[in-house]
Every structure is written in C-alpha cells, then in structure tokens.
1. Residue under question is residue A:386, and the condition is that it be under 26 Å from residue B:367 (Cβ atoms), in contact (Cβ under 8 Å) with a residue 24 or more places away in the chain, open to solvent by 30 Å² or more (accessible area, probe 1.4 Å) and more than 9 Å from chain B (Cβ to nearest Cβ); does it hold?
2. Condition first: in a helix (DSSP H, G or I) and surrounded by fewer than 21 Cβ atoms within 10 Å (Cβ to Cβ). Now tell me which residues in the range A:280-295 satisfy that.
3. Given the options A:280, A:342, name the one that is of a type in the set (D, E, K, R) and modelled with pLDDT of 95 or more.
4. Of the conditions (1) open to solvent by 10 Å² or more (accessible area, probe 1.4 Å); (2) under 28 Å from residue A:93 (Cα atoms); (3) among the charged types (D, E, K, R), residue A:236 clears all except one; give me its number.
5. Kindly indicate which of B:32, B:58, B:27, B:39 is surrounded by fewer than 19 Cβ atoms within 10 Å (Cβ to Cβ) and among the small types (Gly, Ala, Ser).
6. Look at the range B:286-311 and say how many of its residues are at negative phi, away from chain A (no Cβ under 14 Å) and open to solvent by less than 20 Å² (accessible area, probe 1.4 Å).
7. Determine, yes or no, whether residue A:3 is surrounded by fewer than 21 Cβ atoms within 10 Å (Cβ to Cβ), out of contact with any Gly (no Cβ under 7 Å at 6 or more places or on another chain) and part of a loop (DSSP other than H, G, I, E, B).
8. Confirm whether residue A:408 is part of a helix (DSSP H, G or I), crowded, with 16+ Cβ neighbours inside 10 Å, within 38 Å of the chain's Cα centre (by Cα) and more than 12 Å from chain B (Cβ to nearest Cβ).
Amino acid sequence: MIRPTLLMLHALGASGDEWRQVRERLPDYDCVALDLPGFGAAAGQGHADVVTMADQLADAIRASGAPACILVGHSMGGKMATLVAARAAAGEYGLSRLLGVVLVAASPPSPEPMDEARRAQMLGWCADGAIDRDAAETFVDANTAARLPDPLREAAIADVRRSAPEAWIAWLERGSREDWNADIGPIAMPALIVAGSDDGDLGEAAQRRLNQPLYEEAEVAVVADAAHLIPYEQPDALAALIDGFATGLAASVLPRAFADLLGSARVSRRTRAAMLARLRPPRPSDWSAAQHATIVALTGQILPDLADADDLARRVEASIGDGGGDGWRFDSLPPDRIAWVRGLATLDTVTGGFAALDRSVQADWLDRLAAGEVGCDDDGRHLSPAQMALWFEDVRAEVVRSWVALPATMAAIGYDGFAVGGDGPRKQGYVRTQADTVEAWQVQSEAVA
Amino acid sequence: MTGTHHDCRDTVDAVVIGTGAGGAPLAARLAAAGLSVVALEAGRAFRPDEHVADELAADIYWMEERLSGGATPTAFGSNNSGMGVGGSMLHWGAFCPRPDPRDLQLKTLTGEGADWPVPHDDLIRYIEEVEGFTGVSGPAHYPWDATRRYAYPPVARNAAAEAMARGCAAIGMTATDAPAALVSRDREQPHFGQRQACVNCGTCHQGCRNAAKTSMDTTYLPYAVAHGAEIRPGCRVVDFDYDDRGRISAVVYATGEQQHRQRCNAVFLCAGGVETPRLLLNLGIANASGQVGRNFMAHVATQVWGRFDADMRMNRGYPSSLISEDMMRPGDAGCAGGYLIQSLGVLPVNLATGLARGAGMWGERLQTTLRGYNRMAGIGINGECLPHADNRLDLADETDAFGHRKARVRFSYHANEQAIDRHARRVMTDIWQAAGAQDVFAVDRSAHTIGTCRMGEDAESAVVDADGRSFEVPNLLICDNSIFPSALAANPALTIMALSLRTADRFLTSRP
C-alpha cells in the first residue's frame, strides 16, 4: 500500500517543529513540515500574505515527488490548506495528487473569530519589535488546556519569540480577517476536522459552523484534554486520527505516472476536476445491509476480478440513489431507484437469498435472469421475468460504467484519452494514431503497487 | 454570443426553437435577409474549450428522462439529442456522407418506405452550400461519386480505420477516408474566428475543444448573431399564444421560475425528433393528421468488434475515419435500402455500455474484454430504417419539471431492419476476420431519432409540407430530423442543415 505524504502546516507563532511529536508517532509516513514565511527557519523571509502562502503550498505539492499527499493544517495553516484544497478540487494544474485535508483547530477561509481585545493585546506584543518571553509564555499557556511539559513549552515559546513581527502583525491585521468564502464552492475532497475539547474561538462549535460546511464530506473529531495547540498537547490522539484518515484514502492513490499525467498541462481543469471527484470515496447511501450485500454480489458477478467490490457497489448505490440517470429508461420498468429495490427483492425471493449462494450458483441464476426465465408477479413490490431481464441489463450497464470511469481503471487499462488538451491556446491531441505507435508522454497500463 | 436584444413585447419576425442543425442555419439565413430573429435554446452556452474530455462529465447531452420500449428499444441520453447552444451538433460524430439519391425515392424504386417531396438535386445544392460554409475534410477522389470535392484533405486514419482498410481490401470491398465535418487545417470562420485544425484527440462526442468540428455555435450561430439575430440560452418553451385566426402570436418560455412571452409572426420548431413531437403532443396542436409522433425511425447501427494483436488505442484520432458505401444496395440482403460502413473508435464507457447492453456480456469475458481496451477496434453501420406505423412516440403519464408529459418511444425492428442487421453482421465479421481480428462479436445498437413529424404532400398523411410548413397552424414551421419521411442511410445532420437553409429560402420567397 502506498501511503500518502503528509504536508504539514503550522500555526501562528509556531514552525514545522510543532509537528515533531506527531511525526514520531507516524513512522510509516513521509512527512514534510513546512516553515511558513516569517516563522521558524523562514523567519528571515518576513511576511507573506495568505494568497502567497497558498501559492507556495501549491508549489510544494507540485514539487513533491510523492504520488499522493494529504494537507495537515493547524490553526493559521488550516486557512491555506482549505484554500489549496478548493483549488485542487476545482481541477487546478499540478494538484491532482492531493487526496484529502486534515484541519487541526483550523482557521477558516472566512474571518477568524477572535476577541478584539485579545487581538489588540497580541498586536501590542510586537509593537516594539520581537515578542518578549513574558508575552510568549502568556500566548503558549493561554492556548493549552494544561501547562505543557517544560521541553515542549520551551520549544513553543522559542518559536513564538523568533517569529518575524511583520508576519505576526500581517496575520492578525489582515490574513485572519480576509474572507475567501466567495471563491470556494463545496469542496469535493475528504476532510477530517479536528477540534480541541478546551479550545475557545476555534473549538468544535466554530469548526462545525465555519469549516465543515465548506466540504462535501467532512468528519469532525474532538480531542479531549486539548485546547488550541493540539499537536503539542495530544500527539497520540492526533496521530491516530491522521493515520485513520490517511488509511481510509489508500484506495484513492493512483499509480505515479498516471497521477503525473492527470496533473499535467495536457489535461483541462474541468476534465481534471471531474476525474478527481470520481477518485474520492463513494458517498454514503441509504440502502439496507441486505440490499447492499446483494448489490456487492451482483457487482462481483458482473466484474469478477475487482480489488474492492464493496467500494464499487457503493458507487453504484450512490449513482442510483441520486436519481440522475442516463437520460432514459425502459418503458416497462418503474423509475430507476424503484426498479432496483424491486429487482433486488425479486432476486432474493426467487433465489432464497442471492448474496449467500455459491458463486457458481449465482452465475447460473444470472444466466436464467438474462434469458427472462426468472421473476415474480408484478405485484408492486417485485418484477416479472421480462422486467427482470431488462433490469439486469441496467444493472450490468451501471456497474460496468461505474468501474470503467474510475481513474484507477483507466490507469489499469492504459487509457490516456483524457490527456488530450489542456487549457492553453492549442490543444495537444495525438500526433500518432496508427497501431503500435505510442508517444513518449503516453502511459502504459499500470496498477497501483 | 447572444446578439441584438429584442424586447419580448416587440413582435419579431421569427422565433426559432432549438439551436441545432435544424434551427441554426435557418436563423442565419433569416437574419441575413433582414428579419428579426430570436432563437430560444433550452441548454446553456459553451465556449468550445469548456468541453470536458470525459464521458460521464460531458454536459452537452439531453439527459431528461425518456421512456423507451418496443422489441428493440433505442437508447437516449448521450446516444442522441443534445442540450446547449448548438444542440446535438455539440456532440455529433461529424461523419457526413451525403444522402444517396436512391434513398430519397425509396417508395418509387422499391415499393417500400416513403419518397421525399424534396428533389435530390435541390437538396444537394443546399448540401454543397453547407459543406462550403462549414468546411469538410475528405478524400480527393470519392469512389462512389466522381464529381465530389472536399475543401480539406482527410484527417489521419486511426488504427481502427487502417484495420478496416486492410479487411475491406482483402475481401474486395472499396473503402476510403470518410467525409468528416471538421477542418484538417486551421480555418478562419466568418464571424466566429479561428477554428483550429483537428488534433486527433478523439473526443468529438464530448464536444470539440478547438472548434475543428463543425458545430452550430462555431459556424451558423455566430453568422446569425452578426446579422442581428438574438440567441437566448436557458429558455424552455412551454406553450404558445394564438390570435383569433389560429396563428401563433407568442412563444411562452420558462427561464427557471420565470415565464416569458415573445411575440412573433412565425415560429420555427427545431427541437429534434423527440422534443419537437413531444411539445406538439403536450400542447395538442398541429396534429389533425394524427401523424405527430408516428413513424419513429432509428438507424440500424449494429457494430462488430474484435481484438487485435497490436496496440490499437482506438480512442486516438477522428473516431470514424474510414467509410464504405459498397453496401448501399446489398443485392442479396432482402431489404429495401442499404447501409454505410464506418470504422469505429470509441471511448471506454461507450464500449463498456455496448458490451453490457448490446452484447449481453457480463463476468470474466466482459472484464477481460475491457481490460484489453487498447487492443480492441470495431466497425459499424448506419442502416436504412423504414417508417412503420407502430414505431411511434407518444406521451407517458409521468411529467417533467415543466409539467409536460415525458416522451415514450416504442421502436421495434421489422423485417427490413432485421435483414439489414443480419447482412451487416456477416459482412462486417468477414471484414474484421480478414483484418486479423480475434474473438469477433457483434453489438446490437440503433441510433438517431428520425421521423415523428413527417413532411409530405397532403394534410391527411403528413404534419408539414415540403417546405416545412404545418398544414394546420399557418405560421408554424418545423425543421429537424422529425420531418424526414424516411431515414436515409446517411447520418442525418448534413441533410438537416441543408433542409434548414431550404426551409428559410422557401419561407422568404413566400412572404408577402
């Protein structure tokens, strides 16, 4: 299994070092903890505004050789993580390796809720230059649920003190106040939103109000006995959450050459966004466990050699559930969702439970189904044999269409027809079209290692 | 590209419903003649480079649900009608053989089907004009018509085309580069701008991103706009108002929640072979003959596929780059009319759907065949379909978002279509085996929506006359594939565009 690289972004007044404890607990992951301009080792770079930091982050994703990555953004860093996630989900060039986002006590892309007296106090700390030790102690202690062990506390204080005053001021005066929500649609990328149980302005309530609605699928987790500096306070709990999230996205990792091609300038933004949306885990649907088991069994019969029949079945269920359809249906069948409910019920009725049968017995039933020999009376809950034959045709088409359209399937069969024209003034297409001619940019078929 | 704004309260000379092959050329012609024209389009407007090179994400098809029945139900969705400024010309395959003169006189010559009330010479004159205005690529010498010339050299053959050329040669059939409605060299299109040379990207059916392919939004519609026409996207026609003489006085259309009325002197209904009759049936007009919805025809579009011992990658290149007209009159087939053969390159979802539906596959064979996508190639036909009284479109009880009843189409192959299908399977299998294909199999398929508002000589047997004018509503004209009296083996778009110009000319001539 290829594990995605974790790109970690720190909070105001911190540095990449804040992730040390978390990284030690994720030894199987490549982690890159950046120092944002004005902080940590990059303190000498002065300040960069939000859009510049987001651009730098996007460039870091492009420059990383990783086949897949996840952004982990803490507090201030969370704002940039969401901005870049939105750009990636919209199909921006070079960002197709980004699989998901972990927001840790994250600042939202909209103005961060902050008590104005506290803002004024924090701005006052660097009115005369660098932040002094008293102020840094006050800041660190105010953002932790309990006083940190001394070595960690000292490291946190040292990071605050070496922050460039202009970067500190720029975030408090401008960056934290900037409102980017108008540029962000529902972000079609999985997100894990982590809040500290004892955090104030950026605690669970704020996360649910300001960050969660921006993502199509975002899970919120609350870490106990933590305030705002969660990576320092509860590295065990945070590392476990990140590991669980990343493991759940393993199926979204594409083979390296294919991922590179998808991210390249040969692919248009709209095409890339559409393919990336399909890379995400299937949306939850409301089919019963028994219905799901039967759909998994049917999926496994239609496509016997699947890495994950359950995943594909869930995609089929989501597709049927949303009622989008393919522009037509058989006259003698009810609307798609109803036809599926009745078809599944009929299949279970006549076979006495399709999912539990031997594979070879299932296959025999499907032969008879296709021949129009199997069905019930059309009593409003079941389908007749003639209807079942048509419904089974729909099932085959839906299952195979869902499978072939997956980027991983395209990679496996060596299909590169999506990479025929980017957004430049001339489209690339193919120069060679005859048999046994392959251009250097084209991908050979490859499966994920 | 929306053009001169007309106020809804002004009475415009013409409202055109639909901006595809039927509506766009006549909108251009009427505007150029100085008429005030408003064209209403249900879909949105696209820039060519907005199209998506992905089969499921392409958003240019008419995806509102239609019901399909009969013994050989035909597929809709991405298989047929389009939605968007340009209509189905946004996603058509650009394969543009001319109609065979014999096909327009099928009844006279064979006793079957129907004759066209439009003389072939007349139609060809307009077809040549369309080809000249839009730019067609094709061979220097067309084996079945010595006089024919194309403006641009043919596009590159792809692996499927090379295989078909090899197979045809081996069994003594003639095949050549297909006439394709795309430009193989950069072209400056009047009032649009540069249409770039085809780059062999293979995604014609998802929308041409560099405007190489002829589409209405890159040809006739910019011309119409430059001559004062107005195009209104996102407008769904739901009703008509009438004056006391039974003439349409206004077209009622919806944009989201709002309704509008555009006053007009004439209406050109050009919504295609399904939406045109559906609107008339929903409104209960122009159907004294009882012919609206009848004689639905879909081309027999059987395909034959096989696996080659070579890296074919058939998604590359113009998908139908080879043609044979040798079977336009297959003497031994037992059918009236005949069929065209073309090479096929399709994208993976299209192939997968064909295997699962048209070839009835599932299980290991299905998955193995799809995993071998890069070695697959196919050939297919476009075969004559005769008008049959029981092949018809009517209305289902279910309604759409506008309260109109959905279309229900019942379509069954009769003896003629079965004979063509049978003959074509044999011929194509021979070609494919001669070309070196293995595991050869056929896929059942039909395509195009034709008939349903047939044109003819009299009000008893037809919906419109030879000029596209309704026999019943004096200022209603229809121009799209619904008015075809017979299917013709040639793909319909070129003929629709030609009829569109002709309809406009006849209308202009008849004006007081």
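The values are calculated or read from the model by the stated rules, or taken from the named source; none is laboratory data. Just so you know, these numbers come straight off a predicted model, no measurement behind them. Positions of Cβ are generated from backbone atoms using ideal geometry, with glycine treated the same way; all protein chains shown enter the neighbour counts. We work out accessible area using only protein heavy atoms, side chains counted, and drop any ligands, DNA or RNA first. Shrake-Rupley method; radii C 1.70, N 1.55, O 1.52, S 1.80 Å.
1. no
2. A:289, A:290, A:291, A:292, A:293
3. Testing whether each residue is of a type in the set (D, E, K, R) and modelled with pLDDT of 95 or more leaves just A:342.
4. So residue A:236 meets the others, but not (2).
5. B:32
6. Total satisfying the criteria: 9.
7. The answer is yes for residue A:3.
8. yes
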